[in-house]
Amino acid sequence: MSHSVSAAIGIDRQRLAQLRAREDAAFARRTPRSAALRARAAAHLPNSVPMSWMSNLYPTPPIYAESGRGASFRDVDGNGYLDFNVCDLSMTVGFGNEIVASTLAAQARRGTQFLLATDDAIAVAEQLAERMHHPYWQFTLSASGANTEVIRAARFLTGRSRIIIFGGHYHGHIDETLVREELGRVHADNPGLSPGAAAHTTLLQFNDLAALERTLAAGDVALVLTEPALTNCNVVLPTAGFHRGLRELTKRHGTLLCLDEAHTFQFAYGGLVTAWQLNADFIVLGKGLGTGVSFGLYGMSESVGAAYARHIDLYVEPRGMATGGTTYATPLATATARAALEQILTADAYTRVETFGKRLADGLEAVFTRRSLPWRAFRCGPRSGYCLAPQLPLNGREAALSLDYDLINARRIYMANRGVWDAVSSAGPQASLAHTAADIDRYVELADAFLGEIN
Ligand SMILES: Cc1ncc(COP(=O)(O)O)c(C=O)c1O
């Protein structure tokens, strides 16, 4: 995602820079044990972390976690943080969730892996089929893995190579989707990707049905891959009629449609496909359904699932699609998914968390009004955030105008020093199932105090 220059009307940049310097120093004083661990880790872990991008997750040097309970976690220095990042939506159920913990422990004793299915996988597929109206399901290790297999399946089933994604997208670390647009051309966004990977990807703007129709008319598009609402560039909501048009056009041009609900499954019971009654050929889920346990899934429509089932890859000729992996769909993963669906991710739980999302957005918007900032709060189920303009964005390009990294990073450190862990920079704060109303109010109170220092 490109760094953007935002209008951010109402912010005093000099005071922001002074605040940042003060808060950086305070953060360093609060985290001496993490500093010592970083020094030790540097000998064997590049950038002192097991995945290098963890070192960029926060604008400060990385800290190390010790434990978590409910909506809060502690670092190795004993600092507590009320988590509004929700581990990028992989911990919606909260830290140390008793149901997840006891399910994992019981299954670990029975066996973590047989390389055979257990009946939990069937129960998960039944649950998801009922909630999301897609009859066939396959497990992967992550949402990235699910999107990879969906792209492969769509190419195989249509005999076409091109995929369409929308600006402001993120679908995982996949060669074909790690692209950005510059001067009207699509480029690989990172070094080391497969040569030519970006050559088969077209990047359009969300909510632009005319451009979509023109591109689909070429007849070479295997798949349109999109989130129902974009959530990786703050939030972009679909305009009225966008999803209906998207479905009609993809069907008319023989293109398959995948709705990636890795995030938005957490936004409504049955995801946004159910809440908004959307129809797609594939649905992608991930992030362990918010349990923190590694697994992803994808659902398929009746016709796609039937075709898929005829083309397995092992020990047969002609070869079918390459899917799966040794530690995908383990009994641990399927038992956790089943427990989460049956006991935690209930309709009541989603209603509760949506109420908190509204409280968060209302609270932030009241702060903006009180401080005469012409901003809006993003709203999508439990997710909110800071739209630094009076109008909500219609696409990724417009949404990028609210990604003011100086402002975001200063806010995150300010909050961390006061016991709140704010969202990653491309997202906004999000309520989880473990939050209470008082937690939400604490976030809003700190947002108000932060803005009070710089406007
Ligand atoms: C919409 C969407 N799809 C896929 C992914 C990839 O998920 P993972 O990193 O768990 O594979 C993400 C990650 O943020 C995402 O937001």
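Tabulated results
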| read-out | value |
| --- | --- |
| Filter result for Gly172 (open to solvent by less than 60 Å² (accessible area, probe 1.4 Å), of a type outside the set (Asp, Glu) and touching a Pro at 6+ places or on another chain (Cβ under 9 Å)) | no |
| Strands (runs of 3 or more DSSP E) fully within the stretch 59-168 counting 1 or more residues that are open to solvent by less than 20 Å² (accessible area, probe 1.4 Å) and modelled with pLDDT of 95 or more | 72-75, 80-83, 136-140, 162-166 |
| Enumeration of residues in the stretch 129-183 that are aromatic (Phe, Trp, Tyr) and in contact with a strand residue (DSSP E or B) (Cβ under 7 Å, 6 or more places away or on another chain) | Tyr136, Trp137, Phe139, Phe166 |
| Some residue of the stretch 91-112 being more than 16 Å from the ligand (Cβ to nearest atom), within 30 Å of Arg411 (Cβ to Cβ) and either among the aromatic types (Phe, Trp, Tyr) or touching an Asp or Glu at 6+ places or on another chain (Cβ under 7 Å) (or both) | yes |
| Tabulated pairs, the stretch 273-287, first over 15 Å from Thr148 (Cβ atoms) and acidic (Asp, Glu), second within 16 Å of the ligand (Cβ to nearest atom) and open to solvent by less than 60 Å² (accessible area, probe 1.4 Å), C-beta under 6 angstrom, 6+ apart or interchain | Asp281/Leu257 |
| Selection within the stretch 370-411 - among the aromatic types (Phe, Trp, Tyr) and open to solvent by less than 30 Å² (accessible area, probe 1.4 Å) | Trp375, Phe378, Tyr386 |
| Of all residues making up the stretch 175-193, the number that are surrounded by fewer than 18 Cβ atoms within 10 Å (Cβ to Cβ), touching a helix residue (DSSP H, G or I) at 6+ places or on another chain (Cβ under 7 Å) and outside any loop (DSSP other than H, G, I, E, B) | 2 |
| Some residue of the stretch 338-347 being of a type in the set (D, E, K, R), more than 22 Å from the chain's Cα centre (by Cα) and more than 29 Å from Leu157 (Cα to Cα) | yes |
| Among (1) open to solvent by less than 30 Å² (accessible area, probe 1.4 Å); (2) small (Gly, Ala, Ser); (3) more than 16 Å from the ligand (Cβ to nearest atom), the one test that Gly196 misses | (1) |
| Positions within the stretch 33-49 being under 27 Å from Arg411 (Cα atoms) and either in contact with a strand residue (DSSP E or B) (Cβ under 9 Å, 6 or more places away or on another chain) or open to solvent by less than 80 Å² (accessible area, probe 1.4 Å) (or both), in sequence order | Arg33, Ser34, Ala35, Ala36, Leu37, Arg38, Ala39, Ser48, Val49 |
| Subset of the stretch 159-193 [among the basic types (Lys, Arg), closer than 20 Å to Val284 by Cβ and without any contact (Cβ under 8 Å) to a residue 60 or more places away in the chain] | none |
| Residue ID - nearest to the ligand (Cβ to nearest atom), chosen from residues in the stretch 294-333 that are in contact with a Gly (Cβ under 8 Å, 6 or more places away or on another chain) and aromatic (Phe, Trp, Tyr) | Phe295 |
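Okay, residues lined up against (1) over 21 Å from the mean Cα position of the chain (by Cα); (2) within 26 Å of Ala117 (Cα to Cα); (3) away from the ligand (no atom under 11 Å from the Cβ):
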residue: Tyr136; (1), (2), (3): yes, yes, yes
residue: Gly145; (1), (2), (3): no, yes, no
residue: Thr148; (1), (2), (3): no, yes, no
residue: Ile151; (1), (2), (3): no, yes, yes
residue: Ala154; (1), (2), (3): yes, yes, yes
residue: Gly167; (1), (2), (3): no, no, yes
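The values are calculated or read from the model by the stated rules, or taken from the named source; none is laboratory data. Small disclaimer: the values here were computed from a predicted structure and weren't measured. Note: ideal-geometry Cβ built from the backbone for every residue, glycine included; neighbour counts use all protein chains shown. For the accessible areas, the whole protein counts, side chains as well, though only heavy atoms, and no ligand, DNA or RNA atoms are used. Shrake-Rupley method; radii C 1.70, N 1.55, O 1.52, S 1.80 Å.
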